[in-house]
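**Q** For reference, the structure I am asking about is given below.
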Amino acid sequence: MADESTGGGLTIKPMDQFLVKPLFGEGPVGLFTISNVTLWMALAVLGIVLMLVVGTRGRAVIPSRSQSVAELVYGFVHNMVVDVSGKDAVKYFPYIMTLFTFILFANVLGLIPTSFTTTSHIAVTATLALAVFLTVTIIGFVKHGVSFLSLFCLTSAPLPLRPVLAGIEVILYFARPVSHSVRLFGAIAAGHAVMKVFAGFAAVTFIAPVAILGMLAIYALEFLVAALQAYVFTILTCVYLKDALHPHH
């Protein structure tokens, strides 16, 4: 929020919106504390249930609006999995669908005024990215055994360069969860911080019209970013899954 201090200045604290606070009472946030993060994660899950379960309960031949939206999202993610990872990756579609819908709902719910954006925290995005990393790595070794390591061997490169390139590929592979999580966290957190700054400047009379217009423009952009970042996270998951299923390609 922005407030005028005793000296007449303007104080804007865009990072206060990311503070994790207990939902009930005061005090530190512990491992089992129900916090604002817990609440908005639960609301994201509830939104998914309403869309995919309640919205499609009729299964009508002529779908309702809610069923149409659910089928659109289902078909979009299913086609993404098939196109990127191949038909043999369809068995992992439920996991990828869960990732996409959770990130999408968390991003969109975070745009509600006074809400909390769970994907603006690196702890959340890092957990999602690490889960993807471990899942695709385990799938790779279970499906291919030691030959999964051929993913790091560039047979098309000259023989003297192969050990060096293999080392680089290993480093890049273990850097995946870092880039995967930071991309989502950075995009969401930066957008919300900028909106908070514009909201603070809106309290100053002579620049309020410009600040409000800028805030509206960024808010509209953030809706696009919310969907785009869910898509990017999911399609990268599909790419990593493809590497696990087809390491020789």
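Please treat every number below as a calculation from the coordinates, not as lab data. Being a predicted model, the structure only gives us computed values, none of them experimental. With ideal geometry, Cβ positions are generated from the backbone for all residues, glycine too; neighbour counts draw on all protein chains shown.
**Q** Which net charge results for the neighbourhood of I138, defined as the other residues with beta-carbon distances under 15 angstrom from its beta-carbon, given Lys and Arg at +1 and Asp and Glu at -1?
**A** +2
**Q** Shifting gears a bit: With viscosity set to 0.692 mPa s and temperature to 37 °C, compute the Stokes-Einstein D of region 51-121, Rh being the Kirkwood radius across alpha carbon pairs; µm²/s, no decimals.
**A** Values: Rh = 13.7 Å.
The calculation lands on 240 µm²/s.
**Q** Calculate the spin-label point distance for L149 paired with V182, positioning each point 7 Å from the Cα along the beta-carbon direction, and give it in nanometres.
**A** According to this spin-label approximation, the distance is 2.8 nm.
**Q** Here is a further query. Under 20 °C and 1.002 mPa s, how fast does region 97-244 diffuse according to Stokes-Einstein, given a Kirkwood radius computed over C-alpha pairs? Answer in µm²/s, whole number. It would help to have the intermediate numbers written out before the result.
**A** Values: Rh = 17.5 Å.
Result for D is 122 µm²/s.
**Q** Work out how far the C-alpha atoms of region 196-242 reach from end to end along every principal axis, then list the three figures in whole Å, largest first.
**A** 54, 13, 8
**Q** Which helices, taking whole DSSP H runs in the chain, have alpha carbons extending 15 angstrom or more along the helix axis plus mean Kyte-Doolittle at least 1.6? Don't skip to the end; give the middle numbers.
**A** Working: long enough: 36-49 (20 Å, 2.04); 65-85 (30 Å, 0.46); 93-109 (24 Å, 1.86); 122-144 (32 Å, 1.92); 162-174 (18 Å, 1.41); 176-201 (38 Å, 0.80); 208-245 (54 Å, 1.67).
Qualifying helices, which must be both long enough and hydrophobic enough, are 36-49, 93-109, 122-144, 208-245.
**Q** For a quick check: sort L184, L161 by the number of other beta carbons within 10 angstrom, fewest at the front. Walk me through the intermediate numbers first.
**A** Values: L184 26, L161 11.
The order, fewest Cβ neighbours first, is L161, L184.
**Q** Viscosity 0.890 mPa s, temperature 25 °C: give me the Stokes-Einstein translational D for region 150-235 in µm²/s, with Rh taken as the Kirkwood radius over C-alpha pairs. Could you put the intermediate results ahead of the total?
**A** Working: Rh = 16.2 Å.
The diffusion coefficient I find is 152 µm²/s.
**Q** Computed on alpha carbon atoms, what radius of gyration and Dmax characterise region 107-169, expressed in Å?
**A** Cα-based Rg and Dmax for region 107-169 come out at 19.0, 58 Å.
**Q** Where does each of 21-30, 51-60 land if you order them by average Cβ count within 10 Å, highest first? It would help to have the intermediate numbers written out before the result.
**A** Values: 21-30: 10.2, 51-60: 13.6.
Per-residue mean Cβ counts within 10 Å order the peptides as 51-60, 21-30.
**Q** Taking the Cβ of each residue in I235, I62, I122 as the centre, tally the other Cβ atoms inside 10 Å and list the residues starting with the fewest.
**A** On the way: I235 18, I62 7, I122 15.
Fewest-to-most ranking of I235, I62, I122: I62, I122, I235.
**Q** Taking the chain as a Gaussian network, where each spring joins two C-alpha atoms under 10 Å apart, which residue of I96, I48, I139 fluctuates the most?
**A** Of I96, I48, I139, the Gaussian network model singles out I139 as fluctuating most.
**Q** Extension gain V142-I207, at 0.36 nm per residue separation less the Cα-Cα distance, in nm?
**A** Numbers: separation 65, 0.36 × 65 = 23.40 nm, distance 6.02 nm.
Contour length minus the Cα-Cα distance gives 17.4 nm.
**Q** Summing -39500 (n - 2.57) over the DSSP H runs of n ≥ 4 in the chain and dividing by its residue number, what mean residue ellipticity at 222 nm do you reach, to the nearest 500 deg cm²/dmol?
**A** Numbers: 7 runs with 152 residues, N = 249.
Helices in the chain give a 222 nm mean residue ellipticity of -21500 deg cm²/dmol.
**Q** Using only alpha-carbon positions, what ratio does the radius of gyration of the chain give when scaled by 2.2 N^0.38 Å?
**A** On the way: Rg = 22.0 Å, N = 249, 2.2 N^0.38 = 17.9 Å.
Computed over Cα atoms of the chain, the ratio equals 1.23.
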